[in-house]
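Engineer: Supplied in structure tokens, the structure appears directly below.
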Amino acid sequence: MFRFSCNVRRHSSRRSSGAIVCLLAFAQVALFGRACRGNDAADFYSAEAAAIAAAVERVAESVVQIELVGVAEVEAGEVAADAPSAGTIIDSEGLILASSMVTARPAASILVVLSDGSRLPAEVVAKDEGRELVLLRVEPSEPLSAVTLAPVEDVRVGQYAIAVGRVRAEGPPARSVGIVSALGRLHGRALQTDARVSPPFYGGPLLNIRGEILGIVVPAMPEMGEGGDKAGWYDAGIGFVAPADQIAERLEKMKQGASIRPGQLGIVAGSGDPFAPGTRVAAVRAGSPAAEVDIRPGDEIIEIAGLPVRRHAEIRQRLGPLDAETPVSIVLRRDGERLRVTPTLVGEIPRFDPQTIGLLAADREGVRVTAVFPGSPAEKSGFEVGDQIVSIAEIEVESVEQLRKRVLTLRRDQPITVTVSRDGAAQAIEVTPQRITGSLPDQLPPLPGAPIEGEWKVTELTLPDVPNKVAMLAPADVPEETPLGLLIVFAEPGVDNAMQLSDQLTDKWMAAAREHRVVVGIIGSADPARWTPEEGELGGRLAASIRQRHPGILTEAIAATGEGAGAAMAIIAAWTEATPFVGAAVPTDVRPPAIRITENDPSAPIQVLIRGGELPGWSEVLERAGYAMVRGGEDAEAVTRWVWTLARI
């Protein structure tokens, strides 16, 4: 089984002050200490247990179990029973808040199991997609015990947090005690707790020590979209909670049957690091609210909703809690002038469909064309190696990264004017971009830089603190300013010693690597019988180690692939936090791992090469999420050729 769920790829910081947490913990100890009239530890723990029990008792009758009947298994067409989750009764007439687990997959029916064991069929009233919530309605024969959702003042990092759920429908509810470990997570849409939560807690309340509801526990994911499905995050000691105040603000709208979607603006960050200083817009998504109010590439965003912003992470945090159909005031700086615009956010922007015109470029005294792909729109329109790209659609181009992002987000099949400087004279070239999704180009252009004439050799490497064997195939000497690509290969389990890895690099990859100037790293599994999802991040570590030895590797031409069961690891690696991969090459028969696939981010897009055959059924999910799906050959030559197409503009 695998599950793909789509959401915006996100970045966040979990910085919090340990000193503040400790002070708050001591304050809570002091509170109980006063209640105990002494410092006796037994008295303190007794008072703590009593306070927790009293808090849970306040909501016990309102926390119910949610069962799904007849859940369709997407891949195999089977019927499965998902783990029960929880719900919180918020209206005595039968309204219940549950988590998005309830609607994650089609089910024949949804049943609400009350604390007395009785079952009531439920219908979905509305969803809050940004907060992973679902509002259900049942028809009870008598009024239900309901809680009141109200804003809780002074929610602080370090305070008690008590998650309440339902492992069994009857009897006392389950409880898990921790602290509030972070605020403003998921772009300001969630609290974070270290209380151990799992599916039976999703949809249940998170309480403070007084029994007040801080929010509803939901199966959300950390912003980076790491491997592992949503439910899997309970093992990491990370739980997310939709805040009570945000739910209360939207509850009346949901009661009327209106679903809520996160608001989208449609800008592309100028930097791949959202925490880097600067708020320059690199590109604007076609058909987006940003485009409608004439936000342009090159604009700097300096204020959102009256609050200053200094980096793109702050922009995301300001926009994160806002819903679709919400107008927002934005102040821009353009050519030294301040401009104010008021776009209305939308729930859906036309999907990201990555485009290319078919050239390579480098930052050399401006943005210089270094190669033109045969048969590409760029070749047909007359681009030449050496052209300096000055502007696109009359907006100045300042860097290759900026140019790439603008081209990626162009409208499909719509001509665009690019101004180049050739032999000192300006020349306007009209070019029509084409989709990256499609067939792998049959050939590469002459690659930039000097030829690599020397020996290519295999070197055994090591990664600190792990038993995995790794090796590298690379040229002994690289001419200055000759760029390289990089491919990381996850070997089939059992191919895990230095000799076997070396033989694979020599026998399968040597000729193709030399032909296309692609350094190849290979990694074996720690267990000769299998790979584990946690080993996905080792691909990024190996890539970083190789890049230290070969700084000429292009950041836009780094990909992962795998052999046998290692192919699924390439997918995990490409979507794992803090790895440099911009592409994953997998065979058509690979069984995708159960990871969360986020919407492709135009500021750091990923491509997928399907090695041979027709596109598998699961590729449609990726394409709908904005990923370029490329069909190509299975052999090493095709894969290394594809690595260079990742750098195409």
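The values are calculated or read from the model by the stated rules, or taken from the named source; none is laboratory data. In this text, all values refer to a predicted model and were calculated from it rather than measured experimentally. Neighbour counts run over all protein chains shown; Cβ positions are idealised from the backbone, glycine included.
Engineer: Looking at (1) within 18 Å of the chain's Cα centre (by Cα); (2) over 14 Å from PHE490 (Cα atoms), which one does ALA584 not meet, given that it meets all the others?
Structural biologist: Every condition holds for ALA584 apart from (2).
Engineer: Sort through ILE488, ILE452 and tell me the only one that's at pLDDT below 95 and either over 30 Å from GLN355 (Cβ atoms) or aliphatic (A, V, I, L, M) (or both).
Structural biologist: Values: ILE488 fails: at pLDDT below 95.
Testing whether each residue is at pLDDT below 95 and either over 30 Å from GLN355 (Cβ atoms) or aliphatic (A, V, I, L, M) (or both) leaves just ILE452.
Engineer: Please find, within the stretch 598-615, the residue that is nearest to GLU401 (Cα to Cα) out of those that are more than 17 Å from the chain's Cα centre (by Cα) and crowded, with 18+ Cβ neighbours inside 10 Å.
Structural biologist: Going residue by residue through the stretch 598-615, those that are more than 17 Å from the chain's Cα centre (by Cα) are 609-615.
Pick out the ones that are also crowded, with 18+ Cβ neighbours inside 10 Å and you get 609-611.
Values: LEU609: 22, ILE610: 26, ARG611: 28 Å.
The residue in question is LEU609.
Engineer: Considering only the stretch 379-409, how many residues are in a helix (DSSP H, G or I), under 32 Å from the mean Cα position of the chain (by Cα) and not β-branched (Val, Ile, Thr)? Break it down stepwise before answering.
Structural biologist: First, the residues of the stretch 379-409 that are in a helix (DSSP H, G or I): 379-381, 400-408.
Subset that is under 32 Å from the mean Cα position of the chain (by Cα): 400-408.
Now restrict to residues that are not β-branched (Val, Ile, Thr): 401-406, 408.
Total meeting the criteria: 7.
Engineer: Additional query: Could you list all residues from the stretch 264-290 that are out of contact with any His (no Cβ under 9 Å at 6 or more places or on another chain) and outside any strand (DSSP E or B)?
Structural biologist: Result: LEU265, GLY266, GLY272, ARG285, ALA286, GLY287, SER288, PRO289, ALA290.
Engineer: Tell me, please, whether a residue that is closer than 24 Å to ARG549 by Cβ, crowded, with 18+ Cβ neighbours inside 10 Å and in contact (Cβ under 8 Å) with a residue 60 or more places away in the chain can be found in the stretch 384-400. Give the steps one after another, and end with the answer.
Structural biologist: Pass one, the stretch 384-400, residues closer than 24 Å to ARG549 by Cβ: 400.
Filter again for crowded, with 18+ Cβ neighbours inside 10 Å, leaving 400.
Those left that are additionally in contact (Cβ under 8 Å) with a residue 60 or more places away in the chain: 400.
Yes, some residue in the stretch 384-400 is closer than 24 Å to ARG549 by Cβ, crowded, with 18+ Cβ neighbours inside 10 Å and in contact (Cβ under 8 Å) with a residue 60 or more places away in the chain.
Engineer: Kindly evaluate ALA305 against the criterion of being touching a residue at least 60 places away in the same chain (Cβ under 8 Å), of a type in the set (A, V, I, L, M, F, W, C) and outside the structural domain of ASP91 (by TED's automatic domain parsing). Full working, then the answer.
Structural biologist: Values: touching a residue at least 60 places away in the same chain (Cβ under 8 Å): no; of a type in the set (A, V, I, L, M, F, W, C): yes; outside the structural domain of ASP91 (by TED's automatic domain parsing): yes.
No; evaluated as a whole, the condition is false for this residue.
Engineer: Oh, and also: Which members of the stretch 103-122 meet the condition of being modelled with pLDDT under 85 and in a helix (DSSP H, G or I)?
Structural biologist: Result: no residue meets the conditions.
Engineer: Further question on the same structure: Looking at (1) modelled with pLDDT under 90; (2) surrounded by fewer than 24 Cβ atoms within 10 Å (Cβ to Cβ); (3) not in a loop (DSSP other than H, G, I, E, B), which one does MET224 not meet, given that it meets all the others?
Structural biologist: (3)
Engineer: Across the stretch 572-583, which residue is farthest from LEU609 (Cα to Cα) among those that are aliphatic (A, V, I, L, M) and surrounded by fewer than 24 Cβ atoms within 10 Å (Cβ to Cβ)? Explain how you work it out, then say what you get.
Structural biologist: Our first condition is that a residue be aliphatic (A, V, I, L, M); within the stretch 572-583, this holds for 572-574, 578, 582.
Checking which are surrounded by fewer than 24 Cβ atoms within 10 Å (Cβ to Cβ) leaves us with 578, 582.
Values: ALA578: 21, VAL582: 11 Å.
So, considering only residues that are aliphatic (A, V, I, L, M) and surrounded by fewer than 24 Cβ atoms within 10 Å (Cβ to Cβ), the one farthest from LEU609 (Cα to Cα) is ALA578.
Engineer: Look through the stretch 355-373, keep the residues that are of a type outside the set (A, V, I, L, M) and assigned to a strand (DSSP E or B), and return whichever of them is nearest to ILE649 (Cα to Cα).
Structural biologist: Kept after step one, since they are of a type outside the set (A, V, I, L, M), are these residues of the stretch 355-373: 355-356, 358, 363-366, 368, 370, 373.
Those still in the list that are assigned to a strand (DSSP E or B) too: 355-356, 363, 368, 370.
Values: GLN355: 8, THR356: 5, ASP363: 13, ARG368: 12, THR370: 11 Å.
Within the stretch 355-373, the match that is nearest to ILE649 (Cα to Cα) is THR356.
Engineer: Would you please name the residue that is farthest from the chain's Cα centre (by Cα), looking only at residues in the stretch 180-191 that are crowded, with 20+ Cβ neighbours inside 10 Å and farther than 13 Å from ALA220 by Cβ?
Structural biologist: Only one residue tops the list, namely VAL180.
Engineer: I would also like to ask the following. Give me the residue from the stretch 291-314 that is of a type outside the set (D, E, K, R) and not in a loop (DSSP other than H, G, I, E, B) and, out of that set, surrounded by the most Cβ atoms within 10 Å (Cβ to Cβ). Can you show your working first?
Structural biologist: Quick first cut of the stretch 291-314, residues of a type outside the set (D, E, K, R) only: 291, 293, 295, 297-298, 301-302, 304-309, 312-313.
Subsequent filtering for residues that are not in a loop (DSSP other than H, G, I, E, B) retains 291, 301-302, 304, 307-308, 312-313.
Details: ALA291: 19, ILE301: 25, ILE302: 15, ILE304: 20, LEU307: 9, PRO308: 12, HIS312: 27, ALA313: 21.
For the stretch 291-314, the residue satisfying everything is HIS312.
Engineer: Suppose we keep only residues that are farther than 17 Å from ILE90 by Cβ and small (Gly, Ala, Ser) within the stretch 192-211. Which one would you say is farthest from the chain's Cα centre (by Cα)?
Structural biologist: Filtering first and then ranking leaves ALA195.
Engineer: Here's something else I'd like to know. Return a yes/no flag: does the stretch 560-572 have any residue that is over 17 Å from ALA491 (Cβ atoms), free of Cβ contacts under 8 Å to residues at least 60 places away in the same chain, not in a strand (DSSP E or B) and not assigned by TED's automatic domain parsing to the domain that holds LEU360. Can you show your working first?
Structural biologist: Within the stretch 560-572, the first condition is being over 17 Å from ALA491 (Cβ atoms), and the residues that meet it are none.
No, the stretch 560-572 has no match at all.
Engineer: State which residue pairs qualify: first residue over 14 Å from LEU345 (Cβ atoms) and of a type in the set (S, T, N, Q) and inside the stretch 249-272, second residue modelled with pLDDT of 95 or more and surrounded by fewer than 22 Cβ atoms within 10 Å (Cβ to Cβ) in any location, beta carbons under 8 Å apart, and separation of 6 or more residues or different chains.
Structural biologist: Every condition considered, the pairs that remain are GLN256/ALA126; SER259/ALA126; SER259/LYS127.
Engineer: Which numbered condition trips up ILE488, out of (1) surrounded by 13 or more Cβ atoms within 10 Å (Cβ to Cβ); (2) touching a strand residue (DSSP E or B) at 6+ places or on another chain (Cβ under 6 Å); (3) without any contact (Cβ under 8 Å) to a residue 40 or more places away in the chain?
Structural biologist: (3)
Engineer: Among LEU207, LEU149, which is the only one that is modelled with pLDDT of 90 or more and either among the aliphatic types (A, V, I, L, M) or surrounded by fewer than 21 Cβ atoms within 10 Å (Cβ to Cβ) (or both)?
Structural biologist: Values: LEU149 fails: modelled with pLDDT of 90 or more.
Result: LEU207 is the single residue among LEU207, LEU149 that is modelled with pLDDT of 90 or more and either among the aliphatic types (A, V, I, L, M) or surrounded by fewer than 21 Cβ atoms within 10 Å (Cβ to Cβ) (or both).
Engineer: Then there is this: Among residues belonging to the stretch 431-485 that are over 35 Å from the mean Cα position of the chain (by Cα) and in a strand (DSSP E or B), point out the one that is nearest to VAL385 (Cα to Cα).
Structural biologist: Filtering first and then ranking leaves TRP456.
Engineer: Let me ask something else about it. ARG406: touching a residue at least 40 places away in the same chain (Cβ under 8 Å) and buried (at least 16 other Cβ atoms within 10 Å of the Cβ), yes or no?
Structural biologist: Yes: the conditions hold for ARG406.
Engineer: Suppose we keep only residues that are more than 25 Å from LEU186 (Cα to Cα) and either crowded, with 21+ Cβ neighbours inside 10 Å or β-branched (Val, Ile, Thr) (or both) within the stretch 116-143. Which one would you say is nearest to the chain's Cα centre (by Cα)? Talk me through it step by step, then tell me what you get.
Structural biologist: From the stretch 116-143, those more than 25 Å from LEU186 (Cα to Cα) are 116-123, 137-143; that's our starting set.
So of that shortlist, the ones also either crowded, with 21+ Cβ neighbours inside 10 Å or β-branched (Val, Ile, Thr) (or both) come out as 122, 138.
Details: ALA122: 32, VAL138: 35 Å.
Restricting to residues being more than 25 Å from LEU186 (Cα to Cα) and either crowded, with 21+ Cβ neighbours inside 10 Å or β-branched (Val, Ile, Thr) (or both), the top hit is ALA122.
Residues are listed down the side, and each one gets a yes or a no for (1) part of a strand (DSSP E or B); (2) over 30 Å from ALA647 (Cβ atoms); (3) without any contact (Cβ under 8 Å) to a residue 60 or more places away in the chain; (4) hydroxyl-bearing (Ser, Thr, Tyr):
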site: ARG316; (1), (2), (3), (4): no, no, no, no
site: PRO321; (1), (2), (3), (4): no, yes, no, no
site: GLU325; (1), (2), (3), (4): no, yes, no, no
site: LEU332; (1), (2), (3), (4): yes, yes, yes, no
site: ARG338; (1), (2), (3), (4): yes, yes, yes, no
site: PRO350; (1), (2), (3), (4): no, no, no, no
site: ASP353; (1), (2), (3), (4): no, no, no, no
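Engineer: Let me ask something additional. Looking at the structure I just gave you, is VAL495 more than 20 Å from the chain's Cα centre (by Cα), outside any helix (DSSP H, G or I) and buried (at least 24 other Cβ atoms within 10 Å of the Cβ)?
Structural biologist: Values: more than 20 Å from the chain's Cα centre (by Cα): yes; outside any helix (DSSP H, G or I): yes; buried (at least 24 other Cβ atoms within 10 Å of the Cβ): no.
Considered against the rule, which asks whether it is more than 20 Å from the chain's Cα centre (by Cα), outside any helix (DSSP H, G or I) and buried (at least 24 other Cβ atoms within 10 Å of the Cβ), VAL495 comes out as no.
Engineer: Another question, if that's okay. For the condition assigned to a loop (DSSP other than H, G, I, E, B) and touching a residue at least 24 places away in the same chain (Cβ under 8 Å), what is the one hit in ILE610, ILE522, ILE595? Spell out the reasoning first.
Structural biologist: Details: ILE610 fails: assigned to a loop (DSSP other than H, G, I, E, B); ILE522 fails: assigned to a loop (DSSP other than H, G, I, E, B).
None of the others qualify; the one that does is ILE595.
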